[in-house]
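Participant: Can you keep this structure in mind? I'll have questions shortly.
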Amino acid sequence: MHISEGVLSVPVLIAGAALAAAGTAVGFRKLDYERIPQVAVLSAAFFIASLVHVPIGPSSVHLILNGLMGLLLGWVAFPAILVGLALQAILFQYGGLTALGINVVVMSSPAVVCFYIFRPGIRSRRTGLSMICAFLCGCSSVLMSSLMVALALIFTGESFLTASKVIVLANIPVMIIEGIIVAACVNFLKKVKPEILEVIYDK
């Protein structure tokens, strides 16, 4: 869901850069240095997953995994995603450096929102509830990211209205796939390392 270089207007780029800087600052403040290896693994997973993309107009469709990163990292998803996007921009020219800020916001903000909305349900011992929340987390994160891409394009110019609709619709299959991936990951983690999810054992 990279927004290409040279597409967005200057005000949108500046706003994106400012929001990305603020979110990254909060993320670094909340980063526990003992969790740096976990953050690095998730950042690498994001880097690899979003390398395989299908261009659609001024954006692209690909796996993001921002819902999973949000569940496990919270605000720390901002610096983790920033590193992945910066490497992609430098090494493969995906997105580009001028659009880096807005791309970080588009992918990281839904991660943080999902952390607060779905983490309580996922921490429950009730398998059905946690799986539903995990699936919805994966779907919702992609939906929110695609809507934010659409808004960024619309704020740049009304000529992008059609492209914005196409981007949202094209990401529907990705929403379902990411929902399944997040549910599978949560189910696995609850079996082998539940402390990562801070599972609450109801009495």
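The values are calculated or read from the model by the stated rules, or taken from the named source; none is laboratory data. All figures in this text were calculated on a predicted structure; none of them were measured in a lab. Cβ placement follows ideal geometry from the backbone for every residue including glycine, while neighbour counts extend to all protein chains displayed.
Participant: Need pairs with beta-carbon distance below 7 Å; first residue farther than 19 Å from Leu153 by Cα and surrounded by fewer than 24 Cβ atoms within 10 Å (Cβ to Cβ) and within the range 58-75, second at pLDDT 90 or above and charged (D, E, K, R); sequence gap 6+ or separate chains.
Facilitator: Hits for this filter: Leu63/Glu178; Gly74/Lys30; Trp75/Lys30.
Participant: Restricting attention to the range 160-203, which residues are at pLDDT below 85, under 27 Å from Val39 (Cα atoms) and in a helix (DSSP H, G or I)?
Facilitator: Matches in the range 160-203: Pro194, Glu195, Ile196.
Participant: If I filter the range 137-145 for residues that are more than 20 Å from Ile181 (Cβ to Cβ) and either crowded, with 22+ Cβ neighbours inside 10 Å or modelled with pLDDT under 90 (or both), do I get at least one hit?
Facilitator: Within the range 137-145, not a single residue is more than 20 Å from Ile181 (Cβ to Cβ) and either crowded, with 22+ Cβ neighbours inside 10 Å or modelled with pLDDT under 90 (or both).
Participant: Do we find a residue being modelled with pLDDT under 90, buried (at least 21 other Cβ atoms within 10 Å of the Cβ) and on the phi > 0 side of the Ramachandran plot anywhere in the range 84-99?
Facilitator: Checked against the condition, which is being modelled with pLDDT under 90, buried (at least 21 other Cβ atoms within 10 Å of the Cβ) and on the phi > 0 side of the Ramachandran plot, the range 84-99 yields at least one hit.
Participant: Please list, ordered by first then second residue, the pairs with beta carbon atoms under 6 Å, 6 or more apart or interchain, first in the range 5-24 and farther than 21 Å from Phe92 by Cα and in contact (Cβ under 8 Å) with a residue 60 or more places away in the chain, second surrounded by fewer than 21 Cβ atoms within 10 Å (Cβ to Cβ) and of a type in the set (S, T, N, Q).
Facilitator: Hits for this filter: Ser9/Thr156; Val12/Thr156.
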